[in-house]
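The values are calculated or read from the model by the stated rules, or taken from the named source; none is laboratory data. Since the model is a prediction, treat every value here as computed from it, not as a measurement. Ideal geometry is used to build each Cβ from the backbone, glycine not excepted, and the neighbour counts take in all protein chains shown. The accessibility values were calculated without ligands, DNA or RNA, using every heavy atom of the protein model including side chains. Shrake-Rupley method; radii C 1.70, N 1.55, O 1.52, S 1.80 Å.
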Amino acid sequence: MTEPNSATENEMHNMVVSDRRGPLAVSVAWGYALAFILMLFILLILLPEAEGPSPWDTVAFQSGALELFANFRILDELADLSIVKVADVGEGWFKVDLDLIGVSNRKFGWAPFSLAILFVVVALLLRGLRQRFLAGHFGIPSSVNRQVSSYFFGRGINLFFPFGPGDLATAQTLVQNEASEEAALNVVYYNRVFEVIGITAVLLVGFIYMGWEGAVEAFIWSALLFAAVVTLTRPLGPTTRRTGSYNIPARVWDAFNGRALVHAIRGMRHKPQLLVGLTLLSAFTLGIEILGYWFIKQAFSSPMDDYILMKDITFVHFAIVIAVANIGRIIPYTFASFGIYEIVSVFMFKVFGEGYLSATTVTILDSLLINGLTLVLFLLSLTLTRYPSILDTWRNFIDQSATRSQAEALQTH
Amino acid sequence: MNKHTDTGTAHGPLPHIPQPGVLFRSFRFWVWVCFALLIINVIPDYFVQYWFVFSLGYQSIFWTNFWMQFALFAVYGIAVASVIYLPMRLYAESRMLRNSSVHFGVWVGMFAGWLLAHNYLQYLLAFNGVPFGETDPVFGKDIGFYVYLLPTWKISLTALEVLILIGAVSFLIARSNQLNSQGILQRPQLGIWAKMCLFFSPLYFRILLCFFGAAVVIHTYLGRYGLLLKNNEHSGVRTGADYLDLTWIFSNLNKIYVSTVDVAGIIDAMAVLLHRLNRRYRWITISTGPEDMPPAGQSKQLLRAPLLIGTGLLVFLICFSLCVVIRDSLLVKPNEPYIQLDYIDRHIKATNKAYRLDNIEVHEWNLPGEPLAPETLLASKTLQNAPYVPTWVSYLEEPPDLHHFERVELSESKMVFGPMLQIYQQQQQLRPYYDFLSVDGVRYTVDGQKRMFVSSVRELPSLAFVGPQEWLKYWGSAALLLTHGMGLVMSPANSIDEMGSPEYVVKDIPPQAAGPGFEHEPRIYFGEGTKDDYVLTNIKYMKEFDYATAQGREEFTFPEDLIDGLPVSSVLRRLIFALHTKDVTAFLFSRYIDHDRTRVHVRRTPVTRARTIAPFLFIDSNVYAFIADKKVLWMINSLTTSNQYPYSFPEVLGDKADERAVEEFPERIINYAEDSVKITIDAYSGEVHFYKIADDPIVNTWARVYDDLFEPISAMPEAVRAQLTYPQQWLHIQFDDIYKRYHQKYPIEFYNVEDLWDDADETLGSIGRGLSGFGTGDQMTFSYEGYHILLDPADLPEGVDAGNSGELQFVMLLPFTPEGARNLRSLIIAFQDPDDYGRLVSLQIPQGVFVPGPEQIDAYIDNDRPVHQQVTMWIRHSSEVIRGSTLLLPIGGDLLYLETIWANSLQNELPQLKLFAIRYHDLITSGTTLEDTIMNRKVILGPPTSR
């Protein structure tokens, strides 16, 4: 956002930035492509594998897809519309397992569904509120409404674009409210830091509750997925750093920007009440969100009989899965962390013994719930407050990235 | 905001879009990690697979499969990797692109090779195909061409096309990078044609185009053979080429030829166009400035000829297709079905031949007008041996609609199956770790008399089935101690005790046999319930648990001279088993494992063993056990199949019963099959035998591929031959799917579907659990599946020669009604004894004669006063009433229906046979024994009138 000094500089700057945009377009395309590749991997490979020996066994694929439809309670509708036929084999399109139609036809739990919406909305609002507290801490004068609205504006933009332009957008809106750039960026960054702290707190409680024996395997897998998400979504260390080819922990530390993280936490040492309060608020927020996901699972289970999605999973295991999967949300590599959140969640459910099918079902339900509600709150924030256009924000973000890319290139040379 | 790397500031780095190279590095790292994990996961399985087939003496099968898979994987993998890498090497200027193409090439190559290697069985067929010795009626090619070669050609061509497309994508990326780097694409003075020409001018691309063209042309041409498998339901030729496809100029066959010429022409035109453009614009690559541009008109001239040819060909194809459509509407459709009769005839004959229905014996069945006397009925050996104790758990086809499904749920009863499993579980399970998983019908000759028995194996199933006994799930118990089941139990199918419970010829632990013919080795290491499970034998420090004695326990050690089991003879093997079974700590650190003696037994279900060795066979889900030469053997019926038989109608072959089996039984779409292989597995030693029982081209091909696999039928022991059964699903697809329509041999009759049959239905299972919820008004009907009886040839109608009177034949029956009606239309008999094995007879009631069908008989029995009173009384007293199967029994050329009714206490579920009901010549009688029931006819009717 800092402007070049003179017209010539401005022109040169534009040319350089323009040169850098081409490769960035490849990165953006990759951001979108990866999301779809990961989702296709879940839907086309993991899901049919649950049913048959070969991922490309057509019967297994059909069966997996139909079972997913049944879990979402839309198979019955498809059968009613004759899109899938419950006729004799060979006469209709598919051989449909009647059990699946039965599952699809059972009562839907409106009460848990309402609770799920309520809890997730509360969790989202609490995050906005956290931003308000942080803004206060950094001396940015603003009302609760404005802060919450600014938070959802940024979060909403991240629904559509990869690499997190929403963070920059939130910072911009704070700057519009007469905050300094540094303070605005700090607010956004600290909000993410507390998200990490919340996740860490929930994971710690979960592992302690599970005890040494039960937690070892889960911890190893959590750590591996954690590392995978972080290194995949952030490059393996800044390009200018030389941490050694095989020093993975150092690279993960760099990738997660550990130094800045520690710096951020140290920065709040002089206000321990705020630190503790926000830590508790973050853990509570994540807890509430997990409860919302738990209820959406219950809503799509049958309240009548034994058809329950993930019947045997305990709430603690469930919470650990969601906490680890939320790492993907902190670092928006794809739009709305689409694909990354899902694959981490599915694998984590698998670690706790759930089948790919139920894991995929619950994960997709969770994603639909939180992204749907985020979208609603984003639209609300757009109607309530005047913000720059989404496309302008995106263009700004690209310019910013191109400038940075140029700076990095110069630094390397 | 700052335009610098902000790593050091309090707020950390700004969100930004990273450079693609940076993204690729992290992505590359994790892809390699995934590949490494995948390989770590796969390699132990390969080792275990090799050791497994080696232990059974089938290592040549492993190597045959391995080399074919490896060849496909390597050839295609290398080809794909090359077409990705080569253009990058030739054209790309970016070092990052060139480097990353190595990684991408390897990834995509491995993935593509792995996909193609999945088709190794088809390639093995193609290289070894045994001709059918019969030709198709259109092109005169041997059927083997369609079954072996055509699918292989299609797979190969598709693979080639995909290869070229991948190569083209790689070329596009590399070339655009090259031209971009040279700044040629940015030159404003170059028009789009010049840029396109430059882009596609390299010889490499033209070679790709030529190969692609050749592949597509061949693919299109091969489409003509697809006409013989085409769905032509609308014309009455349900599968295969019809009148419009083959005759006159404007036929679909000629349309394929036109398409082939068109594709070839268009590809040629494109090649010519590229060549011309290349010649015209070659100067650009040489010159460096805004030189003399060719006049725009010249470009158009260059394009004119190829475009004209291409457009002309397309227009010709469209016109030709339109002519075919018009001909169909004006000249073909108005003259159907007459014009199609020859083709319908081909279709009927091919379908009957492919499903082995061309030699079925058809007999008209005119039932006698006068009934037999009760004493004569009782003297019938068929009736005496009637299997009223059900020999099945569930031969039921899946309920046909949601309505039925809801009723099954509403009934809250598991008893839609035959009740014998529940009875055995109640009376003979005896110890908490044993279980029975299915019951089977078998026959033995006892004292010179052939008799039918119900038998079930007392297995020690996988932990998933053990239930709430948590202590049995410890590794030491599950893998080291409780290694085997204990014997089988067996009851005559035609007798019960006074309590209505089955009698036993083999029972208890250790098994007590009623005669020497029933004595057997009782240890069951291999059974239907041992899915995903393994055990270790010959361990250190302790022996296996054998069985519980009066107040103690017996121990056992698996004999070292038996062939089964994979030695754990080194640390490396421990590691491989640890990775394979996922029980890492147990295998790596257990002190029980003795490197000199300990063996691991894997793949312990009969189906898994058979399928691991011969995955190409279709396995019938009704796996059954019997005693032969004092061994317990599992028998698996298996079929060789194809879905490429010209003119034959495709159907789905597979198990449609609900919860019948613990294994997955994948379905297959087929239009040709043969009951060709019988597989036996020794429940004690795990020894496997594959017996080839039919002279079928496909099984002969497999015998050529794997020359060690099959043994001839003559090598099958007599005791095993005596237990042959006809495959359930084969009978189902032959009759319930095909013959019900294809028995109409005359094309015009077939076209009009004048005599379509339906498998008969019967009321079966629970009809009430007390007075709450599900009541007698909610009975469920299910379709028949084949059921076994012992049939006296003397009881068949006149004209059906099935052997001498009194020499009982073990047959499978399946009744049919007309579609949309409930009277009886036909009774199918499949002979199963060795001398007549596979003989099929259809007894057909004349079309205009009413003989009540099973559902109607069930209604008569429902309304019979004594039966109704009894059933109502049981339900009022909180018992569950279960209707047994309604048996159709040919007696003295006549037909008798027999149904059993079982009562089951809801307090302690133990079904008992409490009532027999028969329907014979318009009279229902019931009683507590079969004899009483028959003799009650006398009470009602008085002395017999005739015969």
(Q) How long are the semi-axes of the equivalent ellipsoid of the range A:108-389, taking √(5λ) for every eigenvalue λ of the Cα gyration tensor, in whole Å from largest down? (A) 30, 24, 17
Q: Give me the number: length gained by fully extending B:Asp342 to B:Val75, i.e. 0.36 nm times residue separation minus the C-alpha to C-alpha distance, one decimal in nm.
A: 91.5 nm
(Q) Counting heavy atoms of the protein chains only and a 1.4 Å probe, report the per residue accessible area for the range B:85-337 as a whole number of Å². (A) 49
(Q) Taking the Cα centroid of the range B:834-869 and of the range B:40-88, what is the distance between the two, rounded to the nearest whole Å? (A) 55
Q.
For q values of 0.13, 0.16 Å⁻¹, compute log₁₀ I(q)/I(0) with the Debye formula on a Cα-only model of the range B:85-337, without solvent.
A. -1.01, -1.20
Q. If all Cα-Cα distances of the range A:143-216 are sorted into 5 Å bins from 0 onward, what percent lands in each bin, rounded to whole numbers?
A. 3, 15, 18, 19, 13, 9, 8, 8, 5, 2, 0
Q | Relative contact order [Cα under 8 Å, 6+ residues apart], the range B:607-726, whole percent | A | 23
Q | Heavy-atom surface of the range A:108-389, accessible at 1.4 Å and reported per residue (Å²) | A | 40
Q: Please calculate how many Å² of accessible area the range B:607-726 carries per residue, with a 1.4 Å probe and no DNA, RNA or ligand atoms counted.
A: 28
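To the nearest 20 debye, what charge dipole does the range B:132-265 have about its Cα centre, counting +1 at the Cβ of each Lys and Arg and -1 at the Cβ of each Asp and Glu?
Values: 10 positive and 8 negative charges, 143 e Å.
Using only the charged Cβ atoms, the result is roughly 680 debye.
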Q. So how strong a dipole does chain B carry about its Cα centre when Lys and Arg Cβ are +1 and Asp and Glu Cβ are -1, to the nearest 20 debye?
A. 5640
Q: Could you tell me how many degrees, from 0 to 90 and to the nearest 10, lie between the Cα long axis of helix B:402-411 and the main elongation axis, the longest principal axis, of the Cα atoms of chain B?
A: 50
Q) Computed FRET efficiency, Cβ-Cβ of A:Phe160 and B:His118, R0 41 Å: what is it to the nearest 0.05? A) 0.60
Q. Taking the Cα-to-Cβ direction at B:Thr158 and at A:Ile265 and moving 7 Å from each Cα, how far apart do the two end points lie in nm?
A. 5.4
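Just the Kirkwood number for the protein assembly as shown, please: inverse of mean 1/r across all distinct Cα pairs, in Å, one decimal. Present the calculation step by step, with values, prior to reporting the outcome.
Values: mean 1/r = 0.0274 Å⁻¹.
Over the protein assembly as shown, the inverse of the mean reciprocal pair distance is 36.5 Å.
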Q) If R0 is 35 Å, what FRET efficiency do you get for B:Leu330 and B:Leu756 from their C-beta distance, rounded to 0.05? A) 0.65
Q. If you place +1 on the Cβ of every Lys and Arg, -1 on the Cβ of every Asp and Glu, and leave all else neutral, what size is the dipole of the protein assembly as shown about its Cα centre, to the nearest 20 Debye?
A. 7420
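Nearest 100 Å², what total accessible surface is buried between chain A and chain B (probe 1.4 Å)? Display every interim value, and only then the final one.
Numbers: alone 20800 and 41250 Å², together 56950 Å².
For chain A against chain B, roughly 5100 Å² becomes buried.
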Q: State, to one decimal in nm², a quarter of the convex hull surface area for the C-alpha atoms of the range B:607-726, i.e. the direction-averaged projected area.
A: 7.9
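Let's test the formula: R0 of 45 Å, r as the Cβ-Cβ distance of B:Asp508 and B:Thr376. What FRET efficiency results, to the nearest 0.05? Intermediate results must be reported in sequence, preceding the final value.
Values: r = 39 Å, r/R0 = 0.88.
Once rounded, the FRET efficiency stands at 0.70.
Can you check what the net charge comes to around B:Ile918, using other residues whose Cβ is under 9 Å from the Cβ of B:Ile918 (Lys, Arg +1; Asp, Glu -1)? Mind showing how you got there, number by number?
Values: positive: B:Arg919, B:Arg937; negative: B:Glu899.
Every neighbour counted, the sum reads +1.
Just from its helices, what would the mean residue ellipticity at 222 nm be for chain B, if runs of 4 or more DSSP H residues each count -39500 (n - 2.57) and the sum is divided by every residue, rounded to the nearest 500 deg cm²/dmol?
Numbers: 27 runs with 365 residues, N = 947.
My calculation for chain B gives -12500 deg cm²/dmol from helical runs alone.
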Q: Measure nothing but the geometry: give the 0 to 90° angle between the long axis through the Cα atoms of B:854-863 and the longest principal axis through the Cα atoms of chain B, rounded to 10°.
A: 40
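Give the carbon-plus-sulfur fraction of the accessible surface of the range A:108-389 in %, rounded to a whole number; probe 1.4 Å, heavy atoms of protein chains only.
Working: 7740 of 11420 Å².
Within the range A:108-389, the accessible surface is 68 percent carbon and sulfur.
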Q: Could you point to the residue in B:Phe518, B:Leu209, B:Pro697 farthest towards the positive end of chain B's charge dipole, with +1 and -1 charges on the Cβ of Lys/Arg and Asp/Glu respectively?
A: B:Leu209
Q. If you line up the long axis of helix B:296-327 against the longest principal axis of chain B, both from Cα atoms, how many degrees apart are they, to the nearest 10?
A. 20
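Dividing the Cα radius of gyration by the Kirkwood radius, what Rg/Rh value follows for chain B?
Details: Rg = 34.9 Å, Rh = 33.0 Å.
Ratio of gyration radius to Kirkwood radius: 1.06.
Report the full-extension gain for the segment A:Leu382 to A:Ser82: residue separation times 0.36 nm, less the Cα-Cα distance, to one decimal in nm. Walk me through the numbers on the way to the answer.
Values: separation 300, 0.36 × 300 = 108.00 nm, distance 4.14 nm.
Full extension of this stretch gives 103.9 nm more.
In chain B, carbon and sulfur make up what percent of the accessible area (probe 1.4 Å)?
Numbers: 22510 of 38580 Å².
It is 58 percent, rounded to a whole number.
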Q. Once Lys and Arg get +1 and Asp and Glu get -1 on their Cβ, which of A:Thr285, A:Ser149, A:Ile220 lies farthest toward the positive end of the dipole of the range A:108-389?
A. A:Ser149
Q. Under a point spin-label approximation (7 Å from Cα along Cα-to-Cβ), what is the B:Arg89-B:Glu233 distance to one decimal in nm?
A. 5.2
Q) Considering only B:Val80, B:Ser101, B:Trp114, whose Cα is most displaced toward the positive end of the charge dipole of the range B:59-179, charges sitting on Cβ of Lys, Arg (+1) and Asp, Glu (-1)? A) B:Ser101
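Given axes a ≥ b ≥ c from the Cα gyration tensor, I'd like to know whether the range A:282-411 is rounded (a/c under 1.5), prolate (a/b larger than b/c) or oblate.
Verdict is prolate for the range A:282-411.
What is the extension gain from B:Asp707 to B:Phe111, computed as 0.36 nm multiplied by their sequence separation minus the C-alpha to C-alpha distance, in nm to one decimal?
Values: separation 596, 0.36 × 596 = 214.56 nm, distance 3.13 nm.
Stretched out fully, the B:Asp707 to B:Phe111 stretch lengthens by 211.4 nm.
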Q: Extending each Cα 7 Å along its Cβ direction at B:Arg304 and B:Glu521, get the distance between those two points in nm, one decimal.
A: 8.8
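Report relative contact order for chain B in percent, whole number only (criteria: Cα-Cα under 8 Å, sequence separation at least 6). List each step's numbers first, then the result.
Values: 1719 pairs, mean separation 112.5, N = 947.
Reported as a whole number, the value is 12 percent.
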Q. What residues in the range A:376-413 lose 50 Å² or more of accessible surface when the other protein chains are added to their chain alone (1.4 Å probe)?
A. A:Gln400, A:Arg404
